[in-house]
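Novice: Dumping the structure here so I can ask a few things about it.
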Amino acid sequence: MKLSDVTALIEKRMPKSWAEEWDNPGLAFGRFDSEISRIALALDATPESVSDAAALGCRLLVAHHPIIFRPLRSIVDDTLTGRTLLCAAEKGVAIYAAHTNWDLSPEGVNCVLASLLALEGVEPLVCSQNGAWGMGAVGELPEPLLPTSLEQLLHVRWRLYNFTFYGDSSNRVKKIALGGGACQEFWRDALACGADCFITADVSYHVRQEALAAGLRLVSADHGEMERASLPALKKILEEETTIPVFLLEERKSPFEHWSGNQD
């Protein structure tokens, strides 16, 4: 199948128009008329993931994070972006990104994360203005959990190893708000909807102070680990739409080797 046909099928399921204005989803590198018979899927496009894709006979690598966000002044091997694009050119691998259009999809990152926690009555944390489902998710656990049990659930269901719970650890949590990736700016939306705890990535010191002072408990997770939990669902969608085999690339080495556990 031509690469142009593959991208059209992907965008039928998750249109680029769903993406945030600052984002850059879609085909970043490749020839539209190249033949694609296998697809590799990874969280990021790197020289390693490009090489792994090529070794599997995949001429297309779909990544969650775009390889290009800003205009490039050069493509040389002294940057990760440059090395990745040079590797892709050498190995004949196209690079495509499904980013915030996947985040905001009714089948995407946030809905997958909510489903893995078995949240009930799930709604978007922030409704979309461009026809997509929305950013983040909010819903209720089947039964109230102590924070230590919630931590165990995140470890098992999302395969999180690097995360920290902040706030009162003595009271149970029932209503959960979450934002896949870096969504700390939505903590007030989580508070306004009555969430007991907001789970997101990359929470800064001052945002944490404000949220805790307002009575909202937080889980600050690793960005990549949190989003990686959605990739099996994305793999299934890519296969359904394109009918092409998709290979989910594993990390060569896990960045975290232990569960960090609880911290008030």
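Novice: I'd like to know if segment 6-19 contains one or more residues that are out of contact with any Gly (no Cβ under 9 Å at 6 or more places or on another chain), surrounded by 13 or more Cβ atoms within 10 Å (Cβ to Cβ) and of a type in the set (Phe, Trp, Tyr).
Specialist: Checked against the condition, which is being out of contact with any Gly (no Cβ under 9 Å at 6 or more places or on another chain), surrounded by 13 or more Cβ atoms within 10 Å (Cβ to Cβ) and of a type in the set (Phe, Trp, Tyr), segment 6-19 yields no hits at all.
Novice: Between Gly180, Gly194, which is of a type outside the set (A, V, I, L, M), in contact (Cβ under 8 Å) with a residue 40 or more places away in the chain and in a loop (DSSP other than H, G, I, E, B)?
Specialist: Criteria check complete, one pass: Gly180.
Novice: With respect to the numbered conditions (1) open to solvent by 40 Å² or more (accessible area, probe 1.4 Å); (2) touching an Asp or Glu at 6+ places or on another chain (Cβ under 9 Å); (3) not in a loop (DSSP other than H, G, I, E, B), which one is the sole condition not fulfilled by Ala233?
Specialist: (1)
Novice: List, please: which pairs have Cβ atoms under 7 Å, are six or more places apart or on different chains, and start with a residue in segment 129-153 that is touching a residue at least 40 places away in the same chain (Cβ under 8 Å) and end with one that is open to solvent by 60 Å² or more (accessible area, probe 1.4 Å) and part of a loop (DSSP other than H, G, I, E, B)?
Specialist: Filtered contacts from segment 129-153: Pro147/Asn262; Thr148/Asn262; Glu151/Asn262.
This table checks each residue for (1) within 23 Å of Ala192 (Cα to Cα); (2) open to solvent by 20 Å² or more (accessible area, probe 1.4 Å); (3) out of contact with any Asp or Glu (no Cβ under 8 Å at 6 or more places or on another chain); (4) not aromatic (Phe, Trp, Tyr).
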| position | (1), (2), (3), (4) |
| --- | --- |
| Leu86 | no, yes, no, yes |
| Gly92 | no, yes, yes, yes |
| Ile95 | no, no, yes, yes |
| His99 | no, no, no, yes |
| Asn110 | yes, no, no, yes |
| Glu123 | yes, yes, yes, yes |
| Val126 | yes, yes, no, yes |
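Novice: Any residue that is of a type in the set (D, E, K, R) and assigned to a helix (DSSP H, G or I) - is there at least one of those in segment 88-102?
Specialist: yes
Novice: Kindly evaluate Ala132 against the criterion of being at negative phi, buried (at least 18 other Cβ atoms within 10 Å of the Cβ), modelled with pLDDT of 95 or more and touching a Phe, Trp or Tyr at 6+ places or on another chain (Cβ under 8 Å).
Specialist: Yes; evaluated as a whole, the condition is true for this residue.
Novice: Just the residues that are of a type in the set (S, T, N, Q) and modelled with pLDDT of 95 or more, please, taken from segment 209-264.
Specialist: Matches in segment 209-264: Gln209, Ser220, Ser230, Thr242, Thr243.
Conditions tested, residue by residue: (1) touching a helix residue (DSSP H, G or I) at 6+ places or on another chain (Cβ under 9 Å); (2) over 19 Å from Ala229 (Cα atoms); (3) in a strand (DSSP E or B).
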| residue | (1), (2), (3) |
| --- | --- |
| Pro144 | no, yes, yes |
| Leu160 | yes, no, no |
| Asp168 | yes, yes, no |
| Phe186 | no, yes, no |
| Ala190 | yes, yes, no |
| Gln209 | no, yes, no |
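Novice: Moving to a separate point now. It is to be established whether one or more residues within segment 34-48 are exposed (fewer than 14 other Cβ atoms within 10 Å of the Cβ), modelled with pLDDT of 95 or more and outside any loop (DSSP other than H, G, I, E, B).
Specialist: Checking segment 34-48: at least one residue is exposed (fewer than 14 other Cβ atoms within 10 Å of the Cβ), modelled with pLDDT of 95 or more and outside any loop (DSSP other than H, G, I, E, B).
The values are calculated or read from the model by the stated rules, or taken from the named source; none is laboratory data. None of the values given here were measured: they were computed from a predicted structure. So basically every Cβ, Gly included, is an ideal-geometry build from the backbone, and we count neighbours across all protein chains shown. We work out accessible area using only protein heavy atoms, side chains counted, and drop any ligands, DNA or RNA first. Shrake-Rupley method; radii C 1.70, N 1.55, O 1.52, S 1.80 Å.
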